[in-house]
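Below is one structure, written out as structure tokens, with a few remarks after it.
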Amino acid sequence: MPVSGASAEKLRAAMARLLAGKPLHTDGALTKENLAREAQVSHATVHRAEDVPAKWDAQVARPVLRTPGEVQRDETIAELRKQLREAKAQAAEKQGKLDALATVTANLYAENLALRKRLGRKGVAILHTEEHE
């Protein structure tokens, strides 16, 4: 079922704007979905139009290029992932140090208990100094 002349004209104008890099209603990415949005018609209308999809495919045979906004977004995501990896590495290093300190503390506690047990009822000897005499 062909589209109306008005819809075909909207699609042609939208295709021209997108290919020129001057979108009015989209981010400018060269996709058929954006073509429909730019023309303000349904996605089905794009596919029902007989000549527009063929012309689009001929014009956009190259890989879809990312818009400057998409490039910035992807760079930001990459930078945030790098920062996250670094933060995780630092956290893992600090956790290792905490684990080592916990082990040392546990060993000192065990040694302290063993020493107290060995002293038993003898108690702790108090050394007198001249000040206390």
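Before moving on, here are some points about what is shown:
- Nearest-0.05 FRET efficiency for Ser4 and Asp74, computed from C-beta distance (R0 41 Å): 0.60
- Bins of 5 Å from zero: percent of alpha-carbon pairs in the chain: 2, 9, 11, 10, 7, 5, 5, 4, 4, 4, 4, 4, 4, 4, 3, 3, 3, 3, 4, 3, 2, 1, 0
- Per-residue ellipticity at 222 nm from helix content only, as computed over the chain with -39500 (n - 2.57) for each DSSP H run of at least four residues, stands at -23000 deg cm²/dmol.
- Fluctuation leader among Ala58, Ala29, Ala14 - the chain, Gaussian network, Cα springs under 10 angstrom: Ala58
- Counting lysine pairs in the chain whose alpha carbons fall under 17 angstrom apart, excluding pairs fewer than 8 residues apart on the same chain, gives 6.
- J(HN,Hα) series, segment 71-76, from Karplus relation 6.51 cos²θ - 1.76 cosθ + 1.60, nearest Hz, glycine and proline x: 4, 4, 4, 5, 5, 5
- log₁₀ of I(q)/I(0) at q = 0.13, 0.17, 0.18, 0.32 Å⁻¹ - segment 1-47, Debye sum with one point per alpha carbon: -0.23, -0.38, -0.43, -1.21
Just so you know, all these numbers are worked out from the coordinates, no wet-lab data involved. Just so you know, these numbers come straight off a predicted model, no measurement behind them. With ideal geometry, Cβ positions are generated from the backbone for all residues, glycine too; neighbour counts draw on all protein chains shown.
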